[in-house]
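Read the structure below first, then the notes.
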Amino acid sequence: MAETLMFNALREAIDEEMAKDPTVLVMGEDVGHYGGSYKVTKDLYKKYGELRLLDTPIAENSFTGMAVGAAMTGLRPIIEGMNMGFLLLAFNQIANNAGMLRYTSGGNFKIPMVIRGPGGVGRQLGAEHSQRLEAYFQAVPGLKIVACSTAYNAKGLLKSAIRDDNPVLFFEHVLLYNLKDHLPEEEYYLPLDKAEIVRKGSDVTILTYSRMRHHVTQAVKTLEKDGFDPEVIDLISLKPLDFETIGASVRKTHKVIIVEECMRTGGIAAEIIASINDRLFDELDAPVLRLSSQDIPTPYNGTLENLTIVQPNQIVEAVKKMVTLKV
């Protein structure tokens, strides 16, 4: 197994699918000659030409609409938003067009497109470049939402997303591109609708995704030393949620903590709590706890920025408090 960085794993996924299928193309700002804002498409234009690695103007609504039209006519476009926050300018094209056209056309059109790029809270990128758009799009019918967290799952998930006949929002975290992982030399695909059990345990279920998977992993090292046995699940699929995996864990541990970088109000955790209470309320020994980002625009100041998002020590404290709670 070869070791590679996450941005290279994503590049491999796009390269492999473009080589297999001439209908796959990439469009967005600086995806061609510059190679993408984090080099995910570096030099691919030399291999596939400038029409399949299409550099667009800074007009997110225009090129996203063009991608929807391309998907309707049989192509498989991949959009890079340069920064996912910019795609708020294309909200109408993503929601009203990409998400709904398969339904409003009575199934006459498929919309096989991937909308991918860097997001999340980086290191002093400022409020507009520190967006977490998963909550914005969660309520939109017709979209699939995936958040990769390792080089391994990034490649397998992106390959599956490109082959899917539905629009997929593919979230990559800006601080994970240089993560290293060992990737199989043989081709592989990962399901878009399945969570990953990162660590089996019996004390408490910790649900997380994207960068927070790594904060949880860091916290678990401390918890293990102190005799705690948490089960950690990387959600991966944010829409639809893998409730089979979530439910099996809740029935085992009877306690749940959700760790997310999303905002607290109306975030992914809010939906998960509602779903758990609807389906598994009698299995709970304690109310579901969510550790979320502060409901404020992300500060530029580094110290303040860290205070707005969940840190490993907060996860440790929350687990200890919940597990030792007398019921």
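The values are calculated or read from the model by the stated rules, or taken from the named source; none is laboratory data. From a predicted model like this one, the values you see are computed outputs, not experimental measurements. Cβ placement follows ideal geometry from the backbone for every residue including glycine, while neighbour counts extend to all protein chains displayed. Ligands, DNA and RNA are stripped out before the accessible areas are found, and what is left, the full protein with its side chains, is counted by its heavy atoms. Shrake-Rupley method; radii C 1.70, N 1.55, O 1.52, S 1.80 Å.
Computed from the Cβ-Cβ distance with R0 of 30 Å, the FRET efficiency linking residue 275 to residue 61 stands at 0.40. Take the alpha carbon atoms of the stretch 33-62, find their center, do the same for the stretch 190-228, and report the distance between the two centers in whole angstrom. First find each Cα centre; the distance between them is then 35 Å.
Between the beta carbons of residue 189 and residue 23, assuming R0 = 22 Å, the FRET efficiency works out to 0.80 to the nearest 0.05.
The listed residues 143, 284, 179, once ranked by accessible area (1.4 Å probe) with the largest placed first, stand as 179, 284, 143. Rounded, prolate or oblate: which fits the stretch 127-198 when a ≥ b ≥ c are the square roots of the eigenvalues of the alpha-carbon gyration tensor, with rounded for a/c under 1.5 and prolate only if a/b beats b/c? The shape class here is oblate. Fully extending the segment from residue 73 to residue 244, taken as 0.36 nm per residue of separation minus the present Cα-Cα distance, adds 58.0 nm. Each of 83, 97, 141 was placed along the dipole of the stretch 1-147 (beta-carbon charges, centred on the mean Cα), and the one lying farthest toward the positive end is 141. Of the options (1) 35, 26, 19; (2) 38, 22, 18; (3) 34, 21, 19, only one is semi-axes √(5λ) of the Cα gyration tensor in Å as computed from these coordinates, and that is (3).
Would you please classify the overall shape of the stretch 261-327 from the alpha carbon gyration tensor, given that a ≥ b ≥ c denote the square roots of the eigenvalues, rounded means a/c under 1.5, and beyond that prolate means a/b larger than b/c while oblate covers the rest? Verdict is oblate for the stretch 261-327. Label positions at residue 224 and residue 109, each projected 7 Å from the Cα along the C-beta direction, are separated by 5.0 nm. Once the Cα-Cα distance is subtracted from the 0.36 nm per residue extended length, the residue 1 to residue 165 segment shows a gain of 56.0 nm.
Quick one: which of 159/252; 144/255; 20/221 span more than 30 angstrom between C-alpha atoms? Violating the 30 Å Cα-Cα cut-off are 159/252; 20/221. Charged side chains reduced to their Cβ positions (Lys and Arg at +1, Asp and Glu at -1) give the chain a dipole of some 220 debye around its Cα centre.
Remark: the chain carries 43 Å² of accessible area per residue (probe radius 1.4 Å; ligands, DNA and RNA excluded).
For residue 30 and residue 314, a Förster radius of 35 Å and the Cβ-Cβ distance give a FRET efficiency of 0.45, rounded to the nearest 0.05. Around the amide H of residue 53, modelled in the peptide plane, lie the amide H atoms of 26, all under 5 Å away and 5 or more residues distant in sequence or on another chain. What a 1.4 Å probe finds exposed on the stretch 71-228 is 50% carbon and sulfur by accessible area, rounded to a whole percent.
Overall, the anisotropy analysis places the stretch 1-159 in the rounded class: the square-rooted eigenvalues a ≥ b ≥ c of its C-alpha gyration tensor yield a/c less than 1.5.
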